[in-house]
């Protein structure tokens with residue numbers, strides 16, 4: 001079968017063996033899958049002598065086969081894949097055996113995947129195939145960051161630096177649909193305009209003075225996924241007693257903070273990543289109730305996966321990038 005895989009720290013598009021079905025699993029014929037930054041980093045996390053690993057964590061498709069012990073799924077069911085493996089209940093942190101699909105398991109950038117029936121959900125009817133392919137890492141991460149960790153409420157103001165990412169475009173829609181005020185930033189004038197069209201109340205230039213730009217705002221919550229480049233700038237615009245949630249570090253993993261300023265400000269800092277199946281299902285229900293549609297910037301055939309990766313690496317997209325099989 002055709003697949004996108006990592007071997008010897010490089011990304012390849014080629015043929016891989018079809019998966020074999022085990023007890024408790026379903027075989028899904030994948031129709032589309034979305035690209036995440038995780039896919040850019042995974043090849044370099046593998047040992048040079050590691051076996052080829054199919055990349056990809058998100059996908060939608062049609063069940064082609066079910067193991068004999070599965071009763072609640074049938075051939076022909078349209079499904080989406082929950083990439084948060086073995087984390088079922090909403091807990092403060094994931095269990096010890098938690099992993100994200102595609103490391104060390106084989107991922108979704110392939111024509112087929114065999115996966116535990118515990119990791120699939122029914123595809124919402126109102127979403128297109130390409131839209132459904134994005135329901136995985138991005139919305140789950142954003143939902144937990146905003147609501148489980150950030151406890152965002154109607155009437156509050158949330159600041160989401162870097163508002164063009166896949167996660168950010170979900171969070172903007174989630175926050176607006178509960179009646180929150182949303183602020184975001186971008187270096188690109190085109191992306192700032194797209195953010196306004198998505199419903200953002202205030203969009204600022206990443207390069208400008210955030211303290212000056214937001215001096216008349218009361219920021220209750222900041223969701224920062226950029227990392228070292230924005231962490232202290234984000235903290236500086238947060239109201240005293242406010243909450244900062246962080247789940248990414250696209251610029252750098254390490255930063256420093258002034259502890260005295262932090263504890264005098266009575267701030268709350270939460271780290272988060274991914275989420276539980278309970279939250280994944282709550283996120284799906286929330287999206288369906290508010291008819292939220294994912295923002296798909298670009299679609300590529302699987303043969304052109306390297307172009308999709310290049311676009312994501314350059315961060316030129318607004319929303320998600322999808323591969324079709």
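Read-outs: derived from the displayed coordinates by stated rules, not from any lab. Quantities reported herein were computed from a predicted structural model and do not represent experimental measurements. No Cβ is skipped: glycine too gets one built from the backbone with ideal geometry, and neighbour counts run over all protein chains shown.
Worth a mention:
- Relative counts (whole %) of C-alpha pair distances in the stretch 86-170, using bins that are 5 Å wide: 3, 10, 17, 22, 20, 17, 8, 3, 1
- Computed label-point distance, nm, for sites residue 40 and residue 211 using a 7 Å Cα→Cβ extension: 3.1 nm
- Answer label for Cα extents along the principal axes in Å (calculated), chosen among [x] 103, 66, 44; [y] 59, 39, 38; [z] 59, 45, 41: [y]
- The gain in end-to-end length when the residue 303 to residue 189 segment is fully stretched comes to 37.9 nm, 0.36 nm per residue minus the alpha carbon separation.
- Estimated from helical segments only, the mean residue ellipticity of the chain at 222 nm is -7000 deg cm²/dmol, where each DSSP H run of four or more residues counts as -39500 (n - 2.57).
- Average Cα contact separation per residue, the stretch 143-302, under 8 Å, 6 or more apart, as relative contact order %: 22 percent
- The relative contact order of the chain, computed from alpha carbon pairs under 8 Å that lie at least 6 residues apart in sequence, is 20 percent.
- Stretchable slack from residue 118 to residue 310, in nm (0.36 nm times residue separation minus alpha-carbon distance): 65.8 nm
- Packing here is the average count of other Cβ atoms within 10 Å per residue, and on that basis the peptides 159-166, 133-140, 92-99, 4-11, highest first, run 133-140, 159-166, 4-11, 92-99.
- Residues in the stretch 265-305 that a label on residue 250 would reach, taking backbone N under 15 Å of a point 7 Å out along Cα→Cβ: 295-298
- Computed over the stretch 175-223, the Cα gyration tensor eigenvalues convert (square root of 5λ each) into semi-axes of 17, 16, 7 Å, ordered from largest to smallest.
- By average C-beta atoms within 10 angstrom, highest first, the peptides 227-234, 274-281: 274-281, 227-234
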